[in-house]
Amino acid sequence: MQEGPYKNAGAQKLTPDERFMKLAIREARKAYRLGETPIGCVIVRTHLYDGTALEEPQVIARGYNRRNTEKSTLAHAEIKAIAKAARVLQDWRLEGCTMYVTLEPCQMCAGALVQARISRVVIGAMNRKAGCAGSVFNLLQEPAFNHQAELTTGVLQEECAGLLTGFFSEVRRKKAAEKQQLTEMPTCRRRQNEPENDYDQADL
């Protein structure tokens, strides 16, 4: 079932791209609460397959990063949302759809977006170390492929980047506190206390 048009009377000053990016940020916060790198996305259907524009864009799928939670390389926000959108539309083709994602997709997710024939991708923050929508490569607009997506970047960039920066700052503080605790406890107990997570800002 489609989730219906996005309506928010309190967001009248935002552009349509900003309103939908706000929804992607909401998904990213779900990942944050799980201790996951906070990346979120939504897929919005704007046109029918014949090119007819919908009167109201429809949010058809949402996703957030669950890679550590599910212990799966495939549990990125974009992959989760693509799978949900395909179930809603009963078609693997996502033509006429736009993905709003808080962080530039990696090579896996960018490739999946091309394979899904998504029409447009809107990105919040860029990922200079692993992004494949212009930072390292631009797989979304590779002319050798049989599909290229329209690309918009920098939508609510500061808010998207700030969420990631805050997350990694918190992780570093926790790891420093754990390290301090280890140095203060007897040697026999140190071996029993290892950090629960091993996050690295370069590993997005």
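Evaluation of residue 27 against the conditions (1) of a type in the set (Asp, Glu); (2) open to solvent by 30 Å² or more (accessible area, probe 1.4 Å); (3) at pLDDT 95 or above shows that the sole unmet condition is (2).
For the stretch 33-46, which positions are within 12 Å of the chain's Cα centre (by Cα) and surrounded by fewer than 24 Cβ atoms within 10 Å (Cβ to Cβ)?
Residues of the stretch 33-46 that are within 12 Å of the chain's Cα centre (by Cα), as a first pass: 36-43.
Of everything in the stretch 33-46, just one residue is within 12 Å of the chain's Cα centre (by Cα) and surrounded by fewer than 24 Cβ atoms within 10 Å (Cβ to Cβ), namely 36.
Here 102, 183, 153 are screened, and the one residue that is closer than 18 Å to residue 21 by Cα and open to solvent by 50 Å² or more (accessible area, probe 1.4 Å) is 153.
Residues are listed down the side, and each one gets a yes or a no for (1) under 25 Å from residue 51 (Cβ atoms); (2) open to solvent by 60 Å² or more (accessible area, probe 1.4 Å):
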residue	(1), (2)
68	no, yes
73	no, yes
82	yes, no
88	yes, no
114	yes, no
126	no, yes
129	no, yes
132	no, no
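A Cβ distance below 9 Å, combined with a sequence gap of six or more or placement on separate chains, defines the contacts here; from the stretch 172-195, residues that are more than 17 Å from residue 35 (Cβ to Cβ) reach residues that are open to solvent by less than 70 Å² (accessible area, probe 1.4 Å) and at pLDDT 70 or above in the pairs 189/182; 190/182; 193/178; 193/182.
The values are calculated or read from the model by the stated rules, or taken from the named source; none is laboratory data. Everything numeric here is computed off the predicted structure, so don't read it as measured data. Please note: Cβ atoms are built from the backbone with ideal geometry, for glycine as well, and neighbour counts cover all protein chains shown. These accessible areas exclude ligands, DNA and RNA; they are computed on the full protein's heavy atoms, side chains included. Shrake-Rupley method; radii C 1.70, N 1.55, O 1.52, S 1.80 Å.
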